[in-house]
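Right, one structure below, let's go through it.
The values are calculated or read from the model by the stated rules, or taken from the named source; none is laboratory data. Here the structure is a predicted model, which means the values were calculated and not measured. Cβ coordinates were reconstructed from backbone atoms using ideal geometry, including for glycine residues, and neighbour counts include every protein chain displayed. Only protein heavy atoms, including side chains, enter the accessible area calculation; ligands, DNA and RNA are left aside. Shrake-Rupley method; radii C 1.70, N 1.55, O 1.52, S 1.80 Å.
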Amino acid sequence: MQRHLVIEAVAPCVDDGAYAVKRVVGDSLEVSADIFRDGHEQIAAQLRLADMRQTPLQWQVQPLQARGNDVYTASTTLTHNTTVAFVIDAWTDHFRTYLHELEKKVEALLQVAVELQEGAILLQRARDAAVAAGAPAAATLSQALDSLQSLGGDPVQSLALLRRADVVDAVHVHLPRLDLLSSRTYRVDVDRPKAVYSTWYEMFVRSAGKQVGQAATLQQARARLPEIAAMGFDVLYLPPIHPIGQSFRKGPNNALQAGPDDPGCPWAIGGAAGGHDAIEPALGTLDDFGDFVEEAQKNGLEVALDFAVQCSPDHPWVKQKPEWFFQRPDKTIKSAENPPKKYEDVYPLNFDCADVEGLQSALLDILFFWIARGVHIFRVDNPHTKPFAFWDWAIEQVHRRHPDVLFLAEAFTRPKVMGRLAKGGFSQSYTYFTWRNTAEELRTYLEELTHGPMRDYFRPNFFVNTPDILPKILQEGGRAAFKMRLLLAATLSPTYGIYSGYELCENAALPNGEEYVDSEKYQVRVRDWAAPANLSGLITQLNGIRRDNVALQRNDPVTFFPVDNPNLLAYGRRSGDNRILCVVNLDPHAAHHGTVSISDAFWGEHVPERYAAYDLLDGATYHWGASNYVRLLPDRQPAHVLSLAPI
């Protein structure tokens, strides 16, 4: 049969359906497609949806509505943490085409005897199909056929009969769709809401104590949990807590020689006490970890664990499975390198080894090991240095059994590589936010993340700092810079995080780089969390603002507003009637002022002549209009976070 129909421009989709679209439970899935055919016949189309975790698939059907210009749409609310499949079906609606032509002929008082015979044929085809299916509609269609014959060809009464709703519905369902065209199957990964909206705090367990020079245990670190929860965080991320190797152990500030009491780098995983499925003895036991997770949950915190796919030279696998590593010509194992740097305390794993299936299976077992112990969020270290195919497979295997597990990609690498990891299943990703400082840089980057195709698969996590990254703006801008970057992260992205010490404005770096002096990666740090001028109050306030305003909890497009001063950034986020507008001074060294112009589009209508702008930071209320003057001081008042409402 000649194909007449076309289905194209299906949305949402990623790479024409090669990868799943990302949404969360509670989202409305808005599906659209361009559907058309040659000629003047009318078209019918439907959306089919099924939960891919169920076997066999049970398809739910709903009609697609024509919106003009050959665009058809449908929407549905996503209610389960699963993967949803959807297919678009289209076919020529012969009965509706027939009715449309019959109506025009009857209105024109033309003879329609033959046309009524055509109608009877269509009814009979639908009736026969309904009978074969054992459908109740067969009775409706049989009665319609009898009634049509009894009307003796009366055009007006016959048309009224054929247009009857129950007849039209029955024909629509059962008339054979001889030219049915179906799209490919598209997928939607429906994550739990925390995949989009979460607030992360990173903490080294061993630095959670109070005695200088003494590492804290998991049991002792529990004392910090209420403080972290009180600041409004809901995810507590722990760098590796596994045994640390002794061979080539690094000393303070990445020194090649470690002293007898130096704890080593947690990413050098594996020692006499075990590998990735063990706890560093200095921190405690697996039972202690279970207690820690339980206590965190009581405080509203979910523990995220680092998953670093690498080993120290002392890891049990080095002796048990040497073929899993890179063998050098002299039979030694190759350590990690980033020339000219060498990481002698870390061995990378070889995904091109002969026993790659055994290696991948062992890594998957590690994920299941920690999932069984209450970990349902993993921050994955350097995933871009491992095969995409491994992550595609491993994440899919985990989600088959535990669809609620989230994966954060720590992939500070090229944009397309970061994007491919997100397409392959990573729930969130670190971003370039850390190095975006000017108004133009931030605006361009946020428009890329929230307006373009990335929005369907890439979820940003705006960490303001990490143990590896103390950006120049924080090194040089002092306390005002810490405030400013915190305000940006918390209001530009629904998910953001800080590495502990940020609240104390720690900004001492090694020369000519972004490495912390006395980095926790190599030694124990003990801090005074109540030190004067700390930012815990501002952090708590911002996290409360985020919790109270749904506009800050979604990865919806950010609207940027013109400002006549490049040192000021003005932007808005909106969800329904919840409108949040932020103006931030990007210069931590000087006060700046300017005029902010508000767009009609942000309101969804014309900007009111006057409306209330309530500052959620200091409680002040302003009466704003289309153009508004602002003046911001770096440390005292670095930003406005305004809730807008009509007066």
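For the stretch 366-375, state whether one or more residues are open to solvent by 10 Å² or more (accessible area, probe 1.4 Å), touching a residue at least 12 places away in the same chain (Cβ under 8 Å) and either over 30 Å from residue 295 (Cβ atoms) or assigned to a loop (DSSP other than H, G, I, E, B) (or both). Yes, the stretch 366-375 has at least one match. Can you find a residue in the stretch 378-399 that is open to solvent by 80 Å² or more (accessible area, probe 1.4 Å), touching a Ser or Thr at 6+ places or on another chain (Cβ under 8 Å), without any contact (Cβ under 8 Å) to a residue 40 or more places away in the chain and more than 26 Å from residue 200 (Cβ to Cβ)? Scanning the stretch 378-399, I find no residue that is open to solvent by 80 Å² or more (accessible area, probe 1.4 Å), touching a Ser or Thr at 6+ places or on another chain (Cβ under 8 Å), without any contact (Cβ under 8 Å) to a residue 40 or more places away in the chain and more than 26 Å from residue 200 (Cβ to Cβ), so the answer is no.
Table: residues versus (1) farther than 17 Å from residue 163 by Cα; (2) open to solvent by less than 30 Å² (accessible area, probe 1.4 Å).
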residue	(1), (2)
112	no, yes
118	no, no
121	no, no
134	yes, no
137	no, yes
141	no, yes
144	no, yes
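Filtering the stretch 408-445 to residues that are open to solvent by 10 Å² or more (accessible area, probe 1.4 Å), more than 20 Å from residue 387 (Cα to Cα) and of a type in the set (Val, Ile, Thr) leaves 438, 444. Taking the stretch 546-647 as the region of interest, none of the strands (runs of 3 or more DSSP E) fully inside it holds 3 or more residues being under 33 Å from the mean Cα position of the chain (by Cα) and modelled with pLDDT under 95. Only one of the numbered conditions (1) outside any helix (DSSP H, G or I); (2) within 24 Å of residue 178 (Cβ to Cβ); (3) not charged (D, E, K, R) is violated by residue 114, and that is (1).
Scanning the stretch 227-264 for residues that are on the phi > 0 side of the Ramachandran plot, at pLDDT 95 or above and either open to solvent by less than 10 Å² (accessible area, probe 1.4 Å) or assigned to a helix (DSSP H, G or I) (or both) yields a count of 1.
The set of residues in the stretch 129-182 being in a helix (DSSP H, G or I) and of a type in the set (D, E, K, R) consists of 146, 166, 169. Scanning the stretch 327-360 for residues being closer than 15 Å to residue 245 by Cβ, β-branched (Val, Ile, Thr) and in a loop (DSSP other than H, G, I, E, B) gives a total of 1. Looking only at residues of the stretch 265-276 that are in contact (Cβ under 8 Å) with a residue 40 or more places away in the chain and either open to solvent by 40 Å² or more (accessible area, probe 1.4 Å) or more than 15 Å from residue 205 (Cβ to Cβ) (or both), we find that the one that is nearest to the chain's Cα centre (by Cα) is 276.
The residue that is surrounded by the most Cβ atoms within 10 Å (Cβ to Cβ), among those in the stretch 294-325 that are of a type in the set (Gly, Ala, Ser) and outside any strand (DSSP E or B), is 312. Within the set 585, 543, 628, the sole residue that is in contact with a strand residue (DSSP E or B) (Cβ under 7 Å, 6 or more places away or on another chain), within 30 Å of residue 27 (Cβ to Cβ) and crowded, with 18+ Cβ neighbours inside 10 Å turns out to be 543.
Quick one: in the stretch 600-625, of everything that is farther than 13 Å from residue 582 by Cβ and among the small types (Gly, Ala, Ser), which residue is most open to solvent (accessible area, probe 1.4 Å)? Here the answer is 601. Taking every residue in the stretch 621-641 that is closer than 19 Å to residue 597 by Cβ and pairing it with any residue that is small (Gly, Ala, Ser) and open to solvent by 10 Å² or more (accessible area, probe 1.4 Å), at least 6 positions away or on another chain, the pairs with Cβ-Cβ distances below 7 Å are 623/612; 626/597; 627/597; 631/591; 632/591.
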